[in-house]
Structures are given as C-alpha cells and as structure tokens.
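So the structure is just underneath, and the comments pick up after that.
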Amino acid sequence: MASGAATAYVRAMPPSPDTAGLPSPSRRETITRAIEADTGIDPAMISRLVDSFYDRVRDDALIGPVFAGRIRDWGPHLAQMKLFWSSVALMTGVYHGRPMPKHLPLPVDGRHFDRWLELFRATARDVCPPAAADHFIERAQRIAESLELGIAGANGVLLRKGERYVRPTEAWVPPRSPDR
C-alpha cells in the first residue's frame, strides 16, 4: 500500500467532527503508525536517508553549488529536512515551514530537479527497503514537480502538462581581443 498510502489512510479513517478536514492528533497518530507498519519508515530511517542524500548533494557538480551558496551550517538544514520528510512520508505534521518561498529565488530549473530526483532515488534505493524507497520516491517526484511549477510561474512561465522549465541564460559573447 506504499503507493498513495497516506491518502488511502486518510480516506479510510472516519471523519473527525472537530477538524476542518485535517486529521486530529490521535487520528494523525493512527495514520502515521499505519504508514510505518506498511513501509517500515521510522525516524531513524528518515535520518539516514536525509544524511546520506545531502552527503551526495554536497558532492554533486550540478546541484552541490546551489546548496553551497546558501547553506553554511548544515546542522539546522538537516534537522529541518528530517522534520519535513517526517511530515511528508509519515504525515506527522511536525514540519511547519514554507518550502516554496525558499526555493523561488534559486537559480534552478528542470535540469536541477532531474538531478535532485536522480540522487534522491539512488539514495532511497540504497538506504531503504523497497516499500519505503517507493513511498519516499513517489513523494519526492511530486515535490520536485510542484517546486519546478512554482519557480517557472514566479519567472513568468506557465508550464503545460509535460513541459519543463528551462531557465533563460545570457548569450555567450566571445571576449574582446586586446587589440580591438
């Protein structure tokens, strides 16, 4: 049940009258436990995945410099990413940030998201059992697509289904020779 598991759990639970469509704390805990049971995902696995993934990101020629230019102290960033993935993968609700505004000014496009996903998929497959890897990867794909759409839109580009955002670049002009 890893594919779409969280949605299936939310639909399977009876509605809570005291919430506006959001799981109550006890309902959320029930959903989290069910996902953990089906996928094997737990906080220790999330920590290993995040640490291993960002080790690879830092060494990557394409996306490493994007992160290096913005993150000086990796400890707080990794802690936030563990909370983020706990909320995304297990529906714990422990992450309260806003990822889109942080990503909008980045000099990235579809190529960067493709590389991010390539590294994430490989890391998830190396670190997690298959059901957990599938669960993480499905969510990572949705996140990458959402961020790419947001960044394109913020740059005045409306992507149609299947289109990718390519950041405009300045045309290369050969350097002037000293005698001109």
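The values are calculated or read from the model by the stated rules, or taken from the named source; none is laboratory data. Given the structure is predicted, the values throughout are model-derived calculations rather than measurements. Ligands, DNA and RNA are excluded from the accessible area calculation, which covers all protein heavy atoms including side chains. Shrake-Rupley method; radii C 1.70, N 1.55, O 1.52, S 1.80 Å.
Here are a few things to note about the model shown:
- Compared with the direct C-alpha span, the chain from ALA122 to ARG167 gains 13.6 nm at full extension, assuming 0.36 nm per residue.
- Relative to the dominant Cα principal axis of the chain, helix 25-39 is inclined by about 70°.
- Under the Debye formula (equal points on every Cα, no solvent term), log10 I(q)/I(0) of the chain at q = 0.08 Å⁻¹: -0.32
- With helices as the sole contributors, the chain gives -19500 deg cm²/dmol at 222 nm; each DSSP H run of n ≥ 4 counts as -39500 (n - 2.57), and the sum is divided by every residue.
- Average Cα contact separation per residue, segment 93-162, under 8 Å, 6 or more apart, as relative contact order %: 38 percent
- For segment 92-152, accessible area per residue (1.4 Å probe, heavy atoms of protein chains only), Å²: 48 Å²
- Crossing angle, helix 43-59 versus the chain [Cα axis fit, 0-90 degrees, rounded to tens]: 10 degrees
- Helix axis angle, 110-127 relative to the chain longest principal axis, alpha carbon, degrees: 40 degrees
- C-alpha center-to-center spacing [segment 64-99, segment 140-180] in angstrom: 24 Å
- Stokes-Einstein D in µm²/s, Kirkwood radius over Cα pairs - segment 48-116 at 20 °C with 1.002 mPa s viscosity: 165 µm²/s
- Carbon/sulfur fraction of accessible area - the chain, other protein chains in place, 1.4 Å, %: 57 percent
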